[in-house]
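Below is one structure, written out as C-alpha cells; comments come after it.
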Amino acid sequence: MIIFEAVGRLGSISRAAGELNLTQPAVSMQVKQLEEQVGLPLIDHAGKKLVLTEAGEELSRHAREMMAKMADLKSAMKQYVSLECGILRIALISTMSFFLPRIVSDYVKRHPSVRISLQVDNHDSVLAALLEKRTDLAIMGRPPEDASVVAHQFMDNPLVVVARPDHPLTKLARVPVDLLGEEAMIAREPGSGTQANIERFFAEKGLEFRSSCDVNTNEAVKQAVAAGLGLGIVPLKTIALELETRRLSVLPVDGFPLMKHWFLLHRADRRLPLAARAFCDLFLGQASAGELERKS
C-alpha cells in the first residue's frame, strides 16, 4: 500500500522509487502484484504519463487514509512515552522559509530530541498535505473556508510591487494602478497563494495580468525583476536585503501594499501530537509577544 500510494501521489514509477529508495523494477513488480490481487488494472499510461484508473484512484484514497491512521497511531503512542520521542511535521509555503528556521531553532533548544520534518512547497501542496494528514501543522496564507481546519492568524503579509531601480515607473511619486495592466509581470506558478491573490486583485480592477516569465519561488521573482524581465509583486518582508543593496525598488502603486496575512493551521478533527502542541504554544506565544515580527 505504501508503494502504491507513492506511485499514485507522484504519478510516476521512477519518482516513487526514488522517494522510497527502491529500484524501479521493484516498484513496478509490487504494483503488478497488487493488480493481480485486486483483479483490476490500477494504472494506465497516456503516452509517457502515468494515470490511475478509477479503481486505482479508489485504492489510492484508501491507502492514504490507512497510512494517515497509522501515522496518527504511531504519534499518539509516542506522545504517551515522552515529548522527547516525538516527531514535529510542518508544511509551509516557500515565502515563510526565510525566517521559520529561527523559530525551529528556538524549539529545538527546548526539545533537542524531537525530530523535525519540514516540507516547503506552494499553497495548494501545503494545504493538500494538511487535509491528507501528511503533516501536523501548516503555515500559509489564505486558509480554506473549511470547518475541519483551525486557522490562527499570526502575522500581516503586505505585498508590494517591485521593479529595477532604473525602471521608468520609479521616477513617479504615485503610480496609477492602471499602469500595471500595461507592464510585463513576473508570475508565480499555478498553486501559489501569492499568485492567486495577485490575479484576484487584477481581476477586481479590470486589468490584464501580462506574464512575461513564470517562476516557482519569490526568490526567483526577485531575480527576474532585477534582471529586467518585468515587474513583480512579492511579500515586503522578503526583500529587505534587496532594498538595502538597491537591487530592487518598491513602486508607490495605488492600492498597495496589498495587505494579506499568514496563518498557522491544523486539523480540527484530530488531536495534535505533543510535539506539535508544544510548537504551537511556542510559535503563537512569540507571535502574540511580537517576537515573530522582529525575527522576520
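Tabulated data for the structure shown
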| item | result |
| --- | --- |
| Output for the stretch 196-236, where each listed residue is assigned to a helix (DSSP H, G or I) and open to solvent by less than 50 Å² (accessible area, probe 1.4 Å) | A196, N197, I198, F201, F202, N218, A220, V221, K222, A224, V225, A226 |
| Selection status of E208, modelled with pLDDT under 90, within 19 Å of L258 (Cα to Cα) and among the acidic types (D, E) | yes |
| For S28: the one exception among (1) at pLDDT 85 or above; (2) among the hydroxyl-bearing types (S, T, Y); (3) under 30 Å from A151 (Cβ atoms) | (3) |
| Number of the condition not met by A129 [criteria: (1) open to solvent by less than 20 Å² (accessible area, probe 1.4 Å); (2) in contact with a helix residue (DSSP H, G or I) (Cβ under 6 Å, 6 or more places away or on another chain); (3) under 30 Å from E5 (Cβ atoms)] | (2) |
| Residue count for the stretch 96-116, restricted to those that are within 24 Å of E189 (Cα to Cα), open to solvent by less than 10 Å² (accessible area, probe 1.4 Å) and touching a helix residue (DSSP H, G or I) at 6+ places or on another chain (Cβ under 8 Å) | 1 |
| Pick from the stretch 19-42, criterion of a type in the set (A, V, I, L, M, F, W, C) and free of Cβ contacts under 8 Å to residues at least 12 places away in the same chain, ranking: most open to solvent (accessible area, probe 1.4 Å) | M29 |
| Hey, V120 open to solvent by 60 Å² or more (accessible area, probe 1.4 Å), of a type in the set (A, V, I, L, M) and without any contact (Cβ under 8 Å) to a residue 40 or more places away in the chain or not | yes |
| Residues of the stretch 132-151 that turn out to be surrounded by 17 or more Cβ atoms within 10 Å (Cβ to Cβ), at pLDDT 90 or above and of a type outside the set (S, T, N, Q), as a count | 8 |
| Single residue of L180, L159 found to be open to solvent by less than 10 Å² (accessible area, probe 1.4 Å), assigned to a helix (DSSP H, G or I) and out of contact with any Cys (no Cβ under 7 Å at 6 or more places or on another chain) | L180 |
| Within the stretch 243-296, tally of residues that are part of a strand (DSSP E or B) and exposed (fewer than 15 other Cβ atoms within 10 Å of the Cβ) | 2 |
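The values are calculated or read from the model by the stated rules, or taken from the named source; none is laboratory data. Given the structure is predicted, the values throughout are model-derived calculations rather than measurements. Cβ atoms come from the backbone with ideal geometry, glycine included; neighbour counts cover every protein chain shown. To get the accessible areas, we keep the full protein, side chains included, count just its heavy atoms, and leave off ligands, DNA and RNA. Shrake-Rupley method; radii C 1.70, N 1.55, O 1.52, S 1.80 Å.
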